[in-house]
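A.B. asks: Got a structure for you, questions after.
The values are calculated or read from the model by the stated rules, or taken from the named source; none is laboratory data. On a predicted model such as this, the values are computed, not experimentally measured, just so you know. Note that we place each Cβ from the backbone using ideal geometry, even for glycine, and neighbour counts take in every protein chain shown.
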């Protein structure tokens with residue numbers, strides 16, 4: 001659908017409106033097919049009626065006069081106006097001491113917001129109610145949930161990460177995922193998602209973005225991140241595009257050090273900035289600035305973009321005319337703390353032009369340093385007051401002017417609605433990417449004279465993919481776990497070489513995709529030998545870049561990429577292998593000269 005933005009001569013806002021209306025129509029058609037016997041908690045957005053009609057309604061709300069904002073602001077001391085610009089991390093699984101520490105920050109320092117990480121939905125809801133009750137001003141609550149709250153907490157749905165979404169040819173599905181994520185957030189009393197990732201991942205060696213990006217093509221990244229953003233903001237959740245001005249072409253993880261990007265404006269304008277411009281024009285509410293050093297934009301030594309006035313104010317605020325909320329990336333990351341002391345770093349971040357400081361090392365140190373900087377004339381209390389009002393306006397937009405506690409009943413059921421499960425199924429099925437299918441090996445037929453084996457690489461017990469296959473195909477299950485002994489590995493090799501066809505499913509070491517599958521050379525050699533000597537159908541349930549870890553994988557009879565080992569993906573892959581599903585996905589990145597961007601049968 002998003003081709004209208006690039007090809008149509010119609011005004012941009014009309015195109016956006018047409019796009020949104022089309023998605024709504026599709027959504028309505030699909031909702032009619034949902035069962036009617038399940039009651040799902042789906043709170044309506046407490047928003048002005050024009051919010052979902054005009055793409056810049058949120059941006060307008062953040063910058064206009066508001067009686068509630070003025071009333072709250074006038075009750076705040078100068079110190080409290082500063083701490084409204086701070087969001088601290090919270091965990092619902094770290095016990096009473098952690099809760100007391102957060103309560104102190106809420107009661108004594110009147111911080112503006114929280115960012116929830118690991119824990120459980122019910123525990124988080126209880127903690128949210130307790131902290132909101134203790135707060136002088138309702139807290140703006142966020143989560144770094146690029147693929148839904150299941151990314152951070154137990155007992156919740158994990159939606160696919162962006163690389164898998166990048167393989168999907170139907171962006172309306174990504175919009176629906178954004179809508180479902182918004183329902184989850186509102187159900188748990190949250191208001192802000194640090195997503196979507198709009199980095200263009202054009203460096204296969206990137207250790208931190210990789211599968212967190214929609215791909216290497218700037219147009220794909222723009223359209224898919226827009227769909228996710230609109231799904232969230234149409235239903236009352238502020239989206240935050242990250243990591244400005246682009247973290248895709250790095251080989252250093254900014255959690256551990258400061259990446260250096262040597263490119264200048266010509267390259268940035270042609271690639272990295274493209275999705276940010278696209279989302280800014282479409283009304284994204286927030287942008288997060290990354291801890292990445294760009295010496296051609298700011299030559300100061302070890303200067304991360306997040307602390308750079310030429311980048312935050314000069315480029316993002318003035319040149320790109322972004323008037324939404326600007327967030328720093330986490331101030332606890334080594335990309336900042338390795339070179340700047342707590343307190344001074346927060347002062348520099350505010351000098352640069354950021355509105356909100358995220359995950360501070362020390363709230364007391366930051367507050368003391370900011371107050372000292374105001375006295376010295378480095379910072380203006382008037383300017384910080386303006387940013388405070390913008391944060392309060394965001395709180396109004398998400399409905400905190402009429403705050404109500406999170407209902408604790410039926411949370412688990414509400415977070416596992418039938419519409420969410422259906423969206424997950426369609427995402428999984430739409431992403432499967434077939435790169436090779438020699439002699440039309442897929443679909444596999446169950447022939448009596450053909451001996452078929454199913455080998456799970458990286459598993460030591462039957463996987464959901466194998467169990468689903470077994471309903472249609474007679475194929476005994478074999479396993480190649482990591483660190484298998486030489487004797488058992490040789491026994492496995494001899495057994496598998498007796499079969500006519502081997503279905504090889506490959507799994508990473510964790511539920512999240514991997515940059516390294518963690519297999520030994522001997523284990524890789526066994527897989528490569530099977531591919532060379534036998535007919536093999538290979539299905540990778542992990543990061544597409546890890547195809548490089550098997551040198552002979554391009555010789556497979558058939559090859560399918562599933563991107564993640566989510567249950568919905570494994571079920572869909574089994575259906576594809578037996579012919580109950582057609583492949584629809586396209587490779588969102590270039591892996592090597594065998595497997596390049598856009599390929600998919």
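A.B. asks: Kindly state which helices (runs of 4 or more DSSP H) lie completely within segment 74-178 and contain at least 1 residues that are in contact with a strand residue (DSSP E or B) (Cβ under 9 Å, 6 or more places away or on another chain) and at pLDDT 95 or above.
C.D. replies: 95-109, 121-134, 162-166
A.B. asks: Tell me which of these residue 421 doesn't satisfy, since it passes every other one: (1) within 26 Å of the chain's Cα centre (by Cα); (2) buried (at least 16 other Cβ atoms within 10 Å of the Cβ); (3) on the phi < 0 side of the Ramachandran plot.
C.D. replies: It is condition (2) that residue 421 fails.
A.B. asks: Has segment 506-527 got at least one residue that is in a strand (DSSP E or B) and free of Cβ contacts under 8 Å to residues at least 60 places away in the same chain?
C.D. replies: Within segment 506-527, one or more residues are in a strand (DSSP E or B) and free of Cβ contacts under 8 Å to residues at least 60 places away in the same chain.
A.B. asks: Within segment 260-296, which residues are touching a strand residue (DSSP E or B) at 6+ places or on another chain (Cβ under 8 Å) and not in a loop (DSSP other than H, G, I, E, B)?
C.D. replies: Result: 260, 275, 276, 279, 280, 286, 287, 288, 289, 293.
A.B. asks: Residue check: is residue 391 more than 29 Å from residue 65 (Cβ to Cβ) and either in contact (Cβ under 8 Å) with a residue 12 or more places away in the chain or part of a helix (DSSP H, G or I) (or both)?
C.D. replies: no
Residues checked against (1) surrounded by fewer than 24 Cβ atoms within 10 Å (Cβ to Cβ); (2) closer than 30 Å to residue 347 by Cβ; (3) touching a residue at least 60 places away in the same chain (Cβ under 8 Å); (4) not assigned by TED's automatic domain parsing to the domain that holds residue 287:
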site	(1), (2), (3), (4)
84	no, yes, yes, no
99	yes, yes, no, no
126	yes, no, yes, no
143	no, yes, no, no
160	no, no, yes, no
169	yes, no, yes, no
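A.B. asks: Can you tell me which residue is nearest to residue 351 (Cα to Cα) among those in segment 283-300 that are surrounded by fewer than 23 Cβ atoms within 10 Å (Cβ to Cβ) and touching a residue at least 12 places away in the same chain (Cβ under 8 Å)?
C.D. replies: For segment 283-300, the residue satisfying everything is 298.
A.B. asks: Identify, by number, the condition in (1) touching a residue at least 60 places away in the same chain (Cβ under 8 Å); (2) more than 9 Å from residue 200 (Cα to Cα) that residue 272 doesn't meet.
C.D. replies: Going through the list (1) touching a residue at least 60 places away in the same chain (Cβ under 8 Å); (2) more than 9 Å from residue 200 (Cα to Cα), residue 272 breaks only (2).
A.B. asks: Now for a separate question. Give me a count of the residues in segment 547-593 that are within 28 Å of residue 218 (Cα to Cα) and either surrounded by fewer than 18 Cβ atoms within 10 Å (Cβ to Cβ) or not assigned by TED's automatic domain parsing to the domain that holds residue 464 (or both).
C.D. replies: Result for segment 547-593: 14.
A.B. asks: Based on this model, can you work out whether residue 353 counts as at pLDDT 95 or above and farther than 19 Å from residue 247 by Cα?
C.D. replies: So residue 353 fits the description; yes.
A.B. asks: Just to be sure before I move on: is residue 106 under 24 Å from residue 381 (Cα atoms), assigned by TED's automatic domain parsing to the domain that holds residue 189 and free of Cβ contacts under 8 Å to residues at least 40 places away in the same chain in the structure I sent?
C.D. replies: Against the criterion (under 24 Å from residue 381 (Cα atoms), assigned by TED's automatic domain parsing to the domain that holds residue 189 and free of Cβ contacts under 8 Å to residues at least 40 places away in the same chain), residue 106 qualifies.
A.B. asks: Would it be correct to say that residue 442 is touching a strand residue (DSSP E or B) at 6+ places or on another chain (Cβ under 8 Å) and either on the phi > 0 side of the Ramachandran plot or part of a loop (DSSP other than H, G, I, E, B) (or both)?
C.D. replies: yes
A.B. asks: Looking at residue 116, is it assigned by TED's automatic domain parsing to the domain that holds residue 142, crowded, with 21+ Cβ neighbours inside 10 Å, under 22 Å from residue 191 (Cα atoms) and touching a residue at least 24 places away in the same chain (Cβ under 8 Å)?
C.D. replies: So residue 116 fits the description; yes.
A.B. asks: Select from segment 367-417 the residues that are touching a strand residue (DSSP E or B) at 6+ places or on another chain (Cβ under 7 Å) and under 23 Å from residue 348 (Cα atoms) and list them in ascending order.
C.D. replies: 390, 391 - these are the residues of segment 367-417 that are touching a strand residue (DSSP E or B) at 6+ places or on another chain (Cβ under 7 Å) and under 23 Å from residue 348 (Cα atoms).
A.B. asks: Also, quick follow-up: Scan (1) farther than 21 Å from residue 337 by Cα; (2) buried (at least 20 other Cβ atoms within 10 Å of the Cβ) for the single condition residue 358 breaks and write down its number.
C.D. replies: Unmet condition: (1).
A.B. asks: Against the condition without any contact (Cβ under 8 Å) to a residue 40 or more places away in the chain, out of contact with any helix residue (DSSP H, G or I) (no Cβ under 9 Å at 6 or more places or on another chain) and either farther than 30 Å from residue 586 by Cα or in a helix (DSSP H, G or I) (or both), how does residue 461 come out, does it pass?
C.D. replies: Taking the combined requirement at face value, the residue satisfies it.
A.B. asks: If you scan segment 202-253, which residues turn out to be under 21 Å from residue 315 (Cα atoms), touching a residue at least 60 places away in the same chain (Cβ under 8 Å) and part of a loop (DSSP other than H, G, I, E, B)?
C.D. replies: Result: 245, single match.
A.B. asks: Among the residues of segment 370-390, which ones are surrounded by 15 or more Cβ atoms within 10 Å (Cβ to Cβ) and out of contact with any helix residue (DSSP H, G or I) (no Cβ under 9 Å at 6 or more places or on another chain)?
C.D. replies: none
A.B. asks: Considering 188, 192, which residue is touching a strand residue (DSSP E or B) at 6+ places or on another chain (Cβ under 7 Å), closer than 25 Å to residue 225 by Cβ, assigned by TED's automatic domain parsing to the domain that holds residue 216 and touching a residue at least 60 places away in the same chain (Cβ under 8 Å)?
C.D. replies: Criteria check complete, one pass: 192.
To keep it simple, each residue is scored yes or no on (1) modelled with pLDDT of 95 or more; (2) surrounded by fewer than 22 Cβ atoms within 10 Å (Cβ to Cβ); (3) under 25 Å from residue 116 (Cβ atoms).
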site	(1), (2), (3)
181	yes, no, yes
206	no, no, no
213	yes, no, yes
228	yes, no, yes
242	yes, no, yes
254	no, no, yes
267	no, yes, no
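A.B. asks: Looking at (1) more than 29 Å from the chain's Cα centre (by Cα); (2) farther than 30 Å from residue 372 by Cα; (3) assigned by TED's automatic domain parsing to the domain that holds residue 286, find the lone condition where residue 384 falls short.
C.D. replies: (2)
A.B. asks: Ok, one more. Here are some conditions: (1) in contact with a helix residue (DSSP H, G or I) (Cβ under 9 Å, 6 or more places away or on another chain); (2) loosely packed, with under 13 Cβ neighbours inside 10 Å. Residue 439 meets all but one. Which one does it not meet?
C.D. replies: So residue 439 meets the others, but not (1).
A.B. asks: Is there a residue in segment 484-507 that is under 29 Å from residue 151 (Cβ atoms), out of contact with any strand residue (DSSP E or B) (no Cβ under 6 Å at 6 or more places or on another chain) and not assigned by TED's automatic domain parsing to the domain that holds residue 206?
C.D. replies: Within segment 484-507 (the criterion being under 29 Å from residue 151 (Cβ atoms), out of contact with any strand residue (DSSP E or B) (no Cβ under 6 Å at 6 or more places or on another chain) and not assigned by TED's automatic domain parsing to the domain that holds residue 206), the answer is no, since none of the residues qualifies.
A.B. asks: Being over 22 Å from residue 561 (Cβ atoms), in the same structural domain as residue 103 (by TED's automatic domain parsing) and touching a helix residue (DSSP H, G or I) at 6+ places or on another chain (Cβ under 6 Å) narrows it down to one of 134, 213, so name that one.
C.D. replies: 134
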